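The values are calculated or read from the model by the stated rules, or taken from the named source; none is laboratory data. Values in this document were obtained by computation on a predicted structure and should not be read as measured data. Cβ sites come from the backbone with ideal geometry, for glycine too, and all protein chains shown count toward neighbours.
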Amino acid sequence: MGLHSQGDTKLINPATGEAVTGKVTLQLRTKTGNAWKTYQTKSTASSGTVSFATKPSASMYFRTVYAGTEGFSSVATASTRITVKANGAKVLAEATKHKGARYVFGAAGPKRFDCSGYTMYVYRKAAGKKLPHKANSQQKYGMSVSKGSKKAGDLLVFRSGSYGTHVGIYAGGGYMWASPRAGKTVSIKPGAEHDAGCRVKYLIRDRDGKYPALFDAILADAGITVVLSGVRMPRMNSVMERWIQSCRHELLDRTLIWNQAHLLHALREYERHHNGHRPHRGIANARPQRPLPEPITNPAAITRLRVCRNDRLGGLLHEYDHAA
């Protein structure tokens, strides 16, 4: 046939069976009903090769038509049924292969991934695209489109202000493939449910003089509105100050933070630990997002108690559970 998808494939004259040499004008035609319609017109390179590109669509009949230059008459190839697939289909096929792979910070495949390592690996394998191993850097590649214009296979970047904090692959229908966080695996989920997709709109702070005008200006530049607490109302601050104290004593005072991405990762891990595992004395040692376990009443189970320890942030935080 005269239609080739690769530019380095020689074109064959269907009238003679010989390779085309020199510059020849060709038309790519598609069949609509019983009529042929010219879709593209191109000229061969000096090597006698040509490449046609078309947008993804359903299966259609195509043919190429030689326009009759360089010493031979106009002639058309036989019609051929071709199914054109988008690169997005290849990206999703590759993304699906790694379902269940565990999240490991800094990993880039093929069996372990962090969020940017997963997208970097998938796009390299499926589309030959080389992306950096950092969410904030990946947002600088390709062409930005609006949320309403995104298509399956597109790279999704979640940002805090203008800084990219998380990436995933859009799967269509509001879903995305991603390697979300420590303790999780590569999976498909609604993109809006990812914590990195939550945008900060307000910051509530007290009226302490340690906050200069530049502090509020930086937040305003990121689209965050500062709301001041009431005058001489310390109880408005008590809950947040309690959380900040715990976060500092248990995490930040014991961690050397390298950059913003590292800080965000550490704070998210501590937030999950604080809300899902750490006992709170104010609510009878329960957890805000997890009820107290049922008491053990079987004496035999108490004498043979098996406890499993899970570490977060490389062992900085410990979580203990009854082993199954």
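Summed over the stretch 263-305, the residues that are more than 27 Å from PRO180 (Cα to Cα) and of a type in the set (S, T, N, Q) give a count of 4.
Would you pick out the residues in the stretch 269-286 that are farther than 21 Å from GLY315 by Cβ and of a type in the set (D, E, K, R)? Walk me through it before giving the result.
Going residue by residue through the stretch 269-286, those that are farther than 21 Å from GLY315 by Cβ are 280-286.
Listed by number, the list holds a single entry, ARG281.
When ARG81 is tested against (1) modelled with pLDDT under 85; (2) among the charged types (D, E, K, R); (3) assigned to a loop (DSSP other than H, G, I, E, B), only condition (3) is not met. Screening ASP253 against (1) at pLDDT below 85; (2) over 31 Å from the mean Cα position of the chain (by Cα) leaves a single unmet condition, (1). The residues on offer are GLU94, GLU70, and the sole one that is at pLDDT 75 or above and either over 30 Å from PRO180 (Cβ atoms) or part of a helix (DSSP H, G or I) (or both) is GLU94.
Between a residue in the stretch 163-184 that is closer than 13 Å to HIS265 by Cβ and any residue that is of a type in the set (Phe, Trp, Tyr) and surrounded by fewer than 20 Cβ atoms within 10 Å (Cβ to Cβ), which pairs come within a Cβ distance under 8 Å, given they are 6 or more apart or on different chains? Hits for this filter: ALA182/PHE105. Of all residues in the stretch 125-149, those satisfying the criterion of being charged (D, E, K, R) and in contact with a Gly (Cβ under 9 Å, 6 or more places away or on another chain) are LYS125, LYS129, LYS134, LYS140.
Across the stretch 222-247, which residue is surrounded by the most Cβ atoms within 10 Å (Cβ to Cβ) among those that are under 31 Å from the mean Cα position of the chain (by Cα) and closer than 15 Å to TYR202 by Cβ? Explain how you work it out, then say what you get.
Taking the stretch 222-247 and keeping what is under 31 Å from the mean Cα position of the chain (by Cα), we get 222-226, 243-244, 247.
Within this subset, residues satisfying the condition of being closer than 15 Å to TYR202 by Cβ are 222-226.
Working: ALA222: 14, GLY223: 11, ILE224: 17, THR225: 12, VAL226: 14.
Going through the qualifying residues, I end up with ILE224.
Entry remark, the stretch 197-255: residues being more than 30 Å from LYS147 (Cβ to Cβ), of a type outside the set (Asp, Glu) and either outside any loop (DSSP other than H, G, I, E, B) or touching a Leu at 6+ places or on another chain (Cβ under 9 Å) (or both) number 24 in total.
Taking the stretch 117-162 as the range and being part of a loop (DSSP other than H, G, I, E, B), small (Gly, Ala, Ser) and over 14 Å from LYS90 (Cβ atoms) as the test, the residues that pass are GLY142, SER144, SER146, GLY161, SER162. In the stretch 105-128, which residues are in contact (Cβ under 8 Å) with a residue 24 or more places away in the chain and aliphatic (A, V, I, L, M)? Passing the criteria: ALA108, VAL122, ALA126, ALA127.
Given LYS140, LYS134, LYS130, LYS147, which one is modelled with pLDDT under 80 and charged (D, E, K, R)? Steps first, please.
Numbers: LYS140 fails: modelled with pLDDT under 80; LYS134 fails: modelled with pLDDT under 80; LYS130 fails: modelled with pLDDT under 80.
Unique residue meeting the criteria: LYS147.
Residue pairs whose Cβ atoms lie under 6 Å apart, sitting 6 or more positions apart in sequence or on different chains, and linking a residue in the stretch 291-311 that is assigned to a helix (DSSP H, G or I) to a partner that is of a type outside the set (Val, Ile, Thr), do not occur here.
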